[in-house]
Amino acid sequence: MKVWSINVDGLTSPGAQHDLLIRVEQEGVHVLIAQETRFKDTATVPIGKWLLISSGVLIDDRKTGVAVYLSPKTKNAVINYLAVDDRIISTSL
């Protein structure tokens, strides 16, 4: 299993998530952990074939928010997850 961790400095612009997921697919990454997403909410959302688990907070324009992206091969392996706050997500696979 290949895992990447990256400081993205924002994923809120159009196409930013798309471009990032294309890159990780090309590199054969199974789990992507992203910091400083600037996401403003906590959610679990399918993004194409990937699963996004995010945690954020609706405060100003601070560099907060974390996310875990799970590839099609790993997204069904999620046992549970806990969004602790806008800087910590615990994910059990």
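No value in this document is a laboratory result; all are computed from the given coordinates. What you are looking at is a predicted structure, and each value in this text was computed from that prediction instead of being measured.
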**Study point:** Lysine-lysine proximity count for the chain, Cα under 14 Å, sequence distance 8 or more or distinct chains
**Key:** 5
Revision key, fill the gap. For the range 1-80, percent of DSSP beta bridges that are antiparallel (nearest 5) comes out at 75 percent
Study note, to complete from the structure: In a Gaussian network model of the chain with springs linking alpha carbons closer than 10 Å, the residue among LEU58, LEU11, LEU32 that fluctuates most is LEU58
**Study point:** MRE, 222 nm, helices only [DSSP H, n ≥ 4, -39500 (n - 2.57), over the chain, to nearest 500]
**Key:** -3500 deg cm²/dmol
Review point. If one takes the longest principal axis of the Cα atoms in the chain, at what angle in degrees, from 0 to 90 and to the nearest 10, does the Cα axis of helix 16-26 lie?
Key: 20 degrees
Point to revise | Cα convex hull of the chain - mean projected area over all directions, nm² | key: 5.4 nm²
